[in-house]
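The values are calculated or read from the model by the stated rules, or taken from the named source; none is laboratory data. Computed from a predicted structure; not experimentally measured. All Cβ positions, even for glycine, are placed from backbone atoms using ideal geometry, and neighbour counts span all protein chains on display.
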Amino acid sequence: MRKKNAKPTPTPKKKIVSSPARSNVMEVGYPFFMQDAHQKQYSQYLNKYLSQERMFQGTKAIRWTPAINPNPSLLYTDSTDLGLIAINTVAGASYYGHQNVLMPLDDLFPNYQHQFLDVGWRKGVVGKNLFSVPQHVSIRLLFYRKDLLYKYFFKPPQTWDELEKQASTILSGEKNPVLNGFVFNFNPDVSFSMFLDYIWAQGVDLYENRPQWILNRQALETGLNQIKRFFTAGITPKAVLNYQYSDSFKSFLEGRSVFLHHWSDGLRLISDLPKEQQENFGWCLLPTQNIKVQSKSLIGGVNYAIPKNTNYPEAARTILKKIMEDDFQCWFAENLAAPFPGLKSVYLNRTVRQTRPYLDQAEFLLRHGKLLEECAYLHGDYLNWRSIGGQELSFLIEGNDSIQEVADRMEKRFAFLLPNPTYSGLAAQTIDYIQNHIEEPLKVTAIAQHLKVSPEHLIRLFKQQTQQTPLEYINETKMERAKILLKKSHLSIGEIAYRLGYKSRHHFSRLFHELVKNTPSKYRG
């Protein structure tokens, strides 16, 4: 067995905390609510809904009590009275599933693929098991002041550059000292996940899912530059660095911002406004970096899970099953309406659709979303990615470091968090051969002959394990070596081409531009 890119990153040991003796009272976690009144309303209805349901653990009757924002450390204790946890954090459901601290739910929801929204249940699947189910699904959108855009004859922006120009024009025309052009939450806890929206707006990801985890350095620098420009252009105030979840919503809905980048929860907040105020606001998909590429934006939401160490697994399963019933979820969507419901049957309820007409847009909007849980390079402890990303993005905005300096540090610090793809057999032998002969002309036929297999057999087995052909791996590996030589050596571009086994500088430069999205000379400069 061969492990690629192994890094000696120690994994901190989990601290095991002792729990008190059982009380026969199970704690039930609640989803996040921006308003206390909504939390109270949820609590009252849940209590009423469960009043006729008797819950047992073995032969003992179990009562339940609310648990508002329970500490996730309870998942690592010997046992806990927490029976149900609402996971609100991005990538949290996947992380805890990988940590093996949640109870599998496949037998409780055997038809989950048909019962819940696709992007909802996919958040809760780790390996072959379902560990959480979606209360609701959210996606990041662009909200805008419809009245101001119409006043200046603008349509909703399709690119980030267009947004920047529109915001600057409106601020200049309005001359309102309390009006901002563009706001979003950018405190260190959320800034990295927000930043990924600007990477995905370029039609690429931060890393390519390849054996060597190739960083899209150009996309990284473009995203950093875009964020920096919002602040230097004067359309985004530095106050957003300290904004909490509801702060930017409040600023926008009070008319103090032209544009808002935030979760689809804003759809409900707008729909709850008086009719005449609703007309002032609109929303759309996030802009792209280039209208020729399709942007993606982050999908989040709340998932329910049962701690593996709960004292009350039977009672917890009973409550979770009840909460996911059609009647309860329809009530939730109609009254509290965090877009978009995770249960598919809710979308068939006529009353809900009349009350929340924006649910008609769910399929279109969610089709343009992306799950952090399915970004393979983030597998492991996402909290470390969030921490490092948040620190570096704060340095970018508040410090004097250049884009390149911040990108250099991010590349170096992220490298230690990348998972280690494992390959075996013919794929491992092929990778060994390519790595040992990378500065020679390499042909798949010659590699196959060396390994005593046919080229067709080599290509098929290699692609099964690595999701790319041997030729694609050869070219990407050579380009990674070329990037090092361009930055670290004084060799000319022609000499680098010759050293890497290319017959001409032109062929090397064309391939470099195709894979790196930059010319060798510009990359070196």
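Remark: pairs (first residue in the range 73-94, aromatic (Phe, Trp, Tyr); second residue at pLDDT below 95; Cβ separation under 6 Å; 6+ apart in sequence or on different chains) = TYR76/LYS14. Within the range 353-365, can one find any residue that is touching a residue at least 24 places away in the same chain (Cβ under 8 Å) and touching a strand residue (DSSP E or B) at 6+ places or on another chain (Cβ under 6 Å)? Checking the range 353-365: at least one residue is touching a residue at least 24 places away in the same chain (Cβ under 8 Å) and touching a strand residue (DSSP E or B) at 6+ places or on another chain (Cβ under 6 Å). Entry remark, the range 203-214: residues being in a strand (DSSP E or B) and modelled with pLDDT under 90 number 2 in total.
Quick one: is GLU221 of a type in the set (Asp, Glu) and closer than 23 Å to GLU174 by Cβ? No, not satisfied. In the range 503-525, the residues that are closer than 20 Å to GLU440 by Cα reach residues that are among the acidic types (Asp, Glu) with C-beta atoms within less than 7 angstrom, at least six apart or across chains, in these pairs: LEU515/GLU476. Against the list (1) within 29 Å of ALA91 (Cα to Cα); (2) surrounded by fewer than 23 Cβ atoms within 10 Å (Cβ to Cβ), the condition SER168 fails is (1). What single numbered condition from (1) within 18 Å of the chain's Cα centre (by Cα); (2) in contact (Cβ under 8 Å) with a residue 40 or more places away in the chain fails to hold for PHE249? The failed condition is (1).
Does GLY181 satisfy the condition of being modelled with pLDDT of 95 or more and part of a helix (DSSP H, G or I)? I'd like the intermediate steps shown before the answer.
Working: modelled with pLDDT of 95 or more: yes; part of a helix (DSSP H, G or I): no.
In short, no.
Looking only at residues that are closer than 16 Å to GLU208 by Cα and either surrounded by 15 or more Cβ atoms within 10 Å (Cβ to Cβ) or of a type in the set (Lys, Arg) (or both) in the range 514-525, which one is modelled with the highest pLDDT?
From the range 514-525, those closer than 16 Å to GLU208 by Cα are 514-517; that's our starting set.
Those left that are additionally either surrounded by 15 or more Cβ atoms within 10 Å (Cβ to Cβ) or of a type in the set (Lys, Arg) (or both): 515-517.
On the way: LEU515: 86, VAL516: 83, LYS517: 81.
Ranking the qualifying residues of the range 514-525, first place goes to LEU515.
The number of residues in the range 510-521 that are in contact with a helix residue (DSSP H, G or I) (Cβ under 9 Å, 6 or more places away or on another chain), of a type outside the set (Phe, Trp, Tyr) and in a helix (DSSP H, G or I) comes to 7. Determine whether the range 193-202 contains at least one residue that is under 15 Å from GLY389 (Cβ atoms), assigned to a loop (DSSP other than H, G, I, E, B) and out of contact with any Leu (no Cβ under 8 Å at 6 or more places or on another chain). Within the range 193-202, not a single residue is under 15 Å from GLY389 (Cβ atoms), assigned to a loop (DSSP other than H, G, I, E, B) and out of contact with any Leu (no Cβ under 8 Å at 6 or more places or on another chain).
With respect to (1) in contact with a Phe, Trp or Tyr (Cβ under 9 Å, 6 or more places away or on another chain); (2) among the aliphatic types (A, V, I, L, M); (3) free of Cβ contacts under 8 Å to residues at least 24 places away in the same chain, the lone exception for ALA446 is condition (1).
Only one of the listed residues (ILE227, ILE170, ILE139) is closer than 29 Å to GLY399 by Cα, within 24 Å of the chain's Cα centre (by Cα) and β-branched (Val, Ile, Thr). That residue is ILE227.
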